[in-house]
Amino acid sequence: MLILVLNAGSSSLKFNLMDMDREETLAEGIAERIGLSEGFIRWTIQGEKGRIELDMNGHKKALSAIMEQLHQTVLVGDREVGAVGHRVVHGANSFVDPELITPAVLTEIEAMTFYAPLHIPPSLSGIRTAQELFPGVPQVAVFDTAFHHTMPDYAYTYGLPYELSQRLGLRRFGFHGTSHQYVAEQTAVLLDRPFDQLKIVTCHLGNGSSITAVQNGKCVDTSMGLTPLEGVIMGTRCGNLDPGVITTLLEQENMDGKALANLLNKKCGLLGISGVSSDCREVEEAMGNKNKRAKLALETLWYGVLKYVGGYAAAMNGVDAVTFTGGIGENSNALRTWVCSRLTYLGARLDAAVNDKRSKVARFISTPDSAVALAVIPTNEELMIARGTLHAVEK
Ligand code: AMP
């Protein structure tokens, strides 16, 4: 079956067409600047790169243009899209598995908008557009929060009045679930050991970053919370803060909720501390040029990652593997060196030469005698969404 995976953002639409008989990507790309001027779509279809400039007033125009390209190339003869899988960022308590989209499911996703006001509306627009363009083709929602639903209550409970948390649904949910699940499973494959007998810490570090403890194949804790703001510092997000910082900002800076949300989501993290960029590569470059705030920003991130790895090793009473993924996790040997060289108390030993070598394949970066396996595994969220979609359709 051919599955089209869609990830709709407010001004973008990512797509990936997968042949699930071979779990192979036939086409992938992104439409950017939807609703803005100078829109464009770029893609790789059967290994060939392409790009068109196109102003798009909404997701419908973007998806129609994408389908036009696919119909001229891969979707020929009797090849057609058998199902569409949508990435949906928040499933809250309602969705813990990929869900075949019915009108009732759509209404329930809509009701969760308050959890992720920036992300849910574009997802809904992507779903409605695909329903319109592919009448009769099954549509499936795959949720970023789903893998984390196995956390014990003491790991997801905040220290708020219990009734208040219950009434408003305030608890840790976690994100990047498809990525954490994928790299944790692949870590077991790399180790050639059963997934359900391992203790793994997965570090998904990119523009958004989260760290997860996976014990016996199940998530037992994760660093992001009710929203993707919690945890380590990110490109522009603040990560953990004393809640007193919020009340201080509200009072001292005369901010309202909207201004505060904008500050915490868009102006903090690597960007806020360094003043250089939200892009880790650029901050590393500035640190190389002796920029002190760039160094401070990076060390704050590295230290945050180190503390989560240690905390999760404690939570699981041991750790078999620590796996890095995401743009930073896969590419920053500086981060991996800093973190892994401070895990000797666990018996972990980094192979510096392997760690420094650039590679795009899943690999160990630990020495053969390391008591904890250290691994770098490129993530593949699209494949997990396609697998989830196939599963829901076959069910
Ligand atoms: P993602 O959100 O997973 O696409 O990751 C994006 C982040 O990965 C950005 O902060 C990039 O600067 C960072 N990144 C990509 N390549 C490198 C690299 N070679 N060294 C350090 N950071 C990198």
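The values are calculated or read from the model by the stated rules, or taken from the named source; none is laboratory data. This one's a predicted model, so the numbers in the text were calculated from it and none came from an experiment. Reconstructed Cβ throughout: ideal geometry from the backbone, glycine too, with neighbour counts over all protein chains shown. Keep in mind that these areas ignore ligands, DNA and RNA; they rest on the heavy atoms of the full protein, side chains included. Shrake-Rupley method; radii C 1.70, N 1.55, O 1.52, S 1.80 Å.
Of all residues in segment 374-391, those that are farther than 22 Å from residue 328 by Cβ have Cβ atoms under 8 Å from Cβ atoms of residues that are of a type in the set (A, V, I, L, M) and assigned to a loop (DSSP other than H, G, I, E, B), 6 or more apart or on another chain, in 386/20; 387/20; 390/1; 390/20. Only one of the listed residues (31, 83, 27, 65) is touching a Pro at 6+ places or on another chain (Cβ under 7 Å) and modelled with pLDDT of 95 or more. That residue is 83. For segment 337-387, a residue qualifies if it is among the acidic types (Asp, Glu) and in contact with a helix residue (DSSP H, G or I) (Cβ under 6 Å, 6 or more places away or on another chain), and the qualifying residues are 356, 381. Counting the residues of segment 334-357 that are within 24 Å of residue 234 (Cα to Cα) and either in contact (Cβ under 8 Å) with a residue 24 or more places away in the chain or more than 16 Å from the ligand (Cβ to nearest atom) (or both) gives 9.
For segment 334-349, which positions are assigned to a helix (DSSP H, G or I) and not basic (Lys, Arg)? Correct list: 334, 335, 337, 338, 339, 340, 344, 345, 346.
The C-beta contact set for segment 281-297 (first residue in a helix (DSSP H, G or I), second residue within 15 Å of the ligand (Cβ to nearest atom) and open to solvent by 100 Å² or more (accessible area, probe 1.4 Å), distance under 9 angstrom, 6+ apart or interchain) comprises 294/285. Taking the criterion of being more than 15 Å from the ligand (Cβ to nearest atom) and at pLDDT 95 or above, the residues of segment 261-282 that qualify are 263, 264, 267, 275. Right, residue 83: open to solvent by 20 Å² or more (accessible area, probe 1.4 Å) and either of a type in the set (A, V, I, L, M, F, W, C) or touching a Ser or Thr at 6+ places or on another chain (Cβ under 6 Å) (or both) or not? It is false that residue 83 is open to solvent by 20 Å² or more (accessible area, probe 1.4 Å) and either of a type in the set (A, V, I, L, M, F, W, C) or touching a Ser or Thr at 6+ places or on another chain (Cβ under 6 Å) (or both).
So, of the residues in segment 191-202 that are in a loop (DSSP other than H, G, I, E, B) and touching a residue at least 60 places away in the same chain (Cβ under 8 Å), which turns out to be nearest to residue 90 (Cα to Cα)? Of everything passing the filter in segment 191-202, 198 is nearest to residue 90 (Cα to Cα). Can you work out which of the residues in segment 128-158 that are over 27 Å from residue 107 (Cβ atoms) and in a loop (DSSP other than H, G, I, E, B) is least open to solvent (accessible area, probe 1.4 Å)? Across segment 128-158, the extreme among qualifying residues is 152.
Condition check ((1) within 30 Å of residue 66 (Cα to Cα); (2) touching a residue at least 40 places away in the same chain (Cβ under 8 Å)) across all residues:
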position	(1), (2)
106	yes, no
120	yes, no
130	yes, yes
133	yes, yes
142	yes, yes
146	yes, yes
154	no, no
162	no, no
174	no, yes
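In segment 191-207, the qualifying residues are those that are open to solvent by less than 10 Å² (accessible area, probe 1.4 Å) and within 16 Å of the ligand (Cβ to nearest atom), and the one that is farthest from residue 267 (Cα to Cα) is 202. The selection criterion, being farther than 24 Å from residue 236 by Cα and within 16 Å of the ligand (Cβ to nearest atom), holds for residue 361. Entry remark, segment 244-259: residues being under 27 Å from the mean Cα position of the chain (by Cα) and surrounded by fewer than 10 Cβ atoms within 10 Å (Cβ to Cβ) number 2 in total.
Within the bounds of segment 322-333, is there any residue that is farther than 25 Å from residue 296 by Cα and either not in a strand (DSSP E or B) or not acidic (Asp, Glu) (or both)? No, segment 322-333 contains no residue that is farther than 25 Å from residue 296 by Cα and either not in a strand (DSSP E or B) or not acidic (Asp, Glu) (or both).
Within segment 291-333, the set of residues being within 16 Å of the ligand (Cβ to nearest atom), open to solvent by less than 40 Å² (accessible area, probe 1.4 Å) and not polar (S, T, N, Q) comprises 294, 297, 298, 301, 302, 304, 305, 324, 326, 328, 329.
Conditions tested, residue by residue: (1) farther than 22 Å from residue 371 by Cα; (2) within 16 Å of the ligand (Cβ to nearest atom); (3) in a loop (DSSP other than H, G, I, E, B).
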{"site": "160", "(1), (2), (3)": "yes, no, yes"}
{"site": "164", "(1), (2), (3)": "yes, no, no"}
{"site": "171", "(1), (2), (3)": "yes, no, yes"}
{"site": "178", "(1), (2), (3)": "yes, yes, no"}
{"site": "189", "(1), (2), (3)": "no, no, no"}
{"site": "213", "(1), (2), (3)": "no, no, no"}
{"site": "221", "(1), (2), (3)": "yes, no, no"}
{"site": "229", "(1), (2), (3)": "yes, yes, yes"}
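Could you tell me whether any residue of segment 46-58 is at positive phi and free of Cβ contacts under 8 Å to residues at least 60 places away in the same chain? Yes, because at least one residue in segment 46-58 is at positive phi and free of Cβ contacts under 8 Å to residues at least 60 places away in the same chain.
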